[in-house]
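What follows is a short report on a single structure.
The values are calculated or read from the model by the stated rules, or taken from the named source; none is laboratory data. Just so we're clear, the structure is a prediction, and the values are computed from it rather than from any experiment. Cβ coordinates were reconstructed from backbone atoms using ideal geometry, including for glycine residues, and neighbour counts include every protein chain displayed.
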Amino acid sequence: MSVAVVTGAGGLIGSETARFLLDRGYDVVGIDNDMRAHFFGAEASTRWRLNQLSSNPHFFHIDIDIRDVAAIDACFARFGAAISAVVHAAAQPSHDWAAADPATDFSVNAVGTLNILEATRRFAPDAAVIYTSTNKVYGDLPNRLPVVELETRWELPADNPYSARGIDESMAIDQSLHSIFGVSKASADLMVQEYGRYFGIKTVCFRGGCLTGGGHSATELHGFLAYLMKCTCTGRPYRIYGHGGKQVRDNIHASDFVLAIWSFLQNPSVARVYNIGGGRFANCSMLEAIAICENLCGRKLNYSYVPDERIGDHRWWISDMSRFMDDYPSFRINWTIEDILADILAAGADRWDREPAELAD
């Protein structure tokens, strides 16, 4: 039987991947020490997802830190050549958290990734390695694109080469302001590519926009759509940071992201890099997302506006998926923004009601 190692197995992408692969007959080794709760507090804990997965006898939860070289090596040595897939979804994912503790951010995102790559090279060199990278590797270069202000969003002029499909992988990743988080993720992204080119390991970097869905343990510092819906429905105050609330993001549901992972696993290659997101099919501005949340919840969002933009935050990002879809032509995005937000509401309402009262203050 094939074994898949999934890091960050309780998180949004990790848990969705684990469930998908379990359904297809894999044994799944889920590495997760719920460090998300350490980063963001109890409301962001992924224990609930791990508990769901652990009911499956083919899911093996390994509670270790990806920075612990000896523990990671022991885990990979235990399963060895049976490992056919490594999905590395563990990360410190927040701009603001990274700026407060750069050393921890870099040790998790960059050094932790190196540990996973080296364990794969030593114990499972034939495995395909999927890395959940980020569009933040491009730094603030997207903010140098010319934009026009519309009623509810910023948008590129029609004659801009990125307007029709979004931003592709030809954009540079250096000579720009990245944020501390962007640098740690870019370092890991480059190392994943290098283990492909230098050692011949089958690797891919998926540079995601906003990854989202009902499985998100959202908090203010991470989880745009899920946290927005949570605040709208619970009455919790929400803060919009800069850009007039018209900043644009494409959003991809976790299940669509996992279909991209599965596509790669069916035909893996070496050192691939793809931008991935909702593209022109599923994108919205902050103001547009608020309107949808308010409609679904039947109540107004209690929000305030902070004019200071987050450092390195993108004004406009839509992913051009052309390269990936050329290589994997059967892949399709299925979830619209409205579908995604409805899923978040359906999956989260009961969980939000059960949170301790102090979390809603």
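Quickly run through segment 245-261 and pick out the residues that are of a type outside the set (Asp, Glu) and either assigned to a helix (DSSP H, G or I) or more than 11 Å from Leu211 (Cβ to Cβ) (or both).
Gly245, Lys246, Gln247, Val248, Ala254, Ser255, Phe257, Val258, Leu259, Ala260, Ile261
When Asp308, Asp313 are screened for being under 19 Å from the mean Cα position of the chain (by Cα), touching a residue at least 24 places away in the same chain (Cβ under 8 Å) and surrounded by fewer than 23 Cβ atoms within 10 Å (Cβ to Cβ), only Asp313 passes. Among the residues making up segment 225-264, those that are in contact with a strand residue (DSSP E or B) (Cβ under 9 Å, 6 or more places away or on another chain) and either without any contact (Cβ under 8 Å) to a residue 24 or more places away in the chain or at positive phi (or both) are Tyr227, Gly242, His243, Gly244, Gly245.
The set of residues in segment 28-79 that are under 24 Å from Ser2 (Cβ atoms), touching a helix residue (DSSP H, G or I) at 6+ places or on another chain (Cβ under 6 Å) and small (Gly, Ala, Ser) comprises Gly30, Ala77.
Cβ-Cβ contacts under 8 Å between residues 6 or more apart (or on different chains), taken from a first residue in segment 38-61 that is in a loop (DSSP other than H, G, I, E, B) to a second residue that is aromatic (Phe, Trp, Tyr), are listed as His58/Tyr26. Taking the condition of a type in the set (A, V, I, L, M), in contact with an Asp or Glu (Cβ under 7 Å, 6 or more places away or on another chain) and modelled with pLDDT of 95 or more, does Ile292 pass? For Ile292, the condition - of a type in the set (A, V, I, L, M), in contact with an Asp or Glu (Cβ under 7 Å, 6 or more places away or on another chain) and modelled with pLDDT of 95 or more - is met. If only residues of segment 157-173 that are surrounded by 13 or more Cβ atoms within 10 Å (Cβ to Cβ) and not hydrophobic (A, V, I, L, M, F, W, C) are counted, the one that is farthest from Asp327 (Cα to Cα) is Asn160. Exactly one residue out of Ser176, Ser184, Ser269 is part of a helix (DSSP H, G or I) and under 29 Å from Asp327 (Cβ atoms), and it is Ser184.
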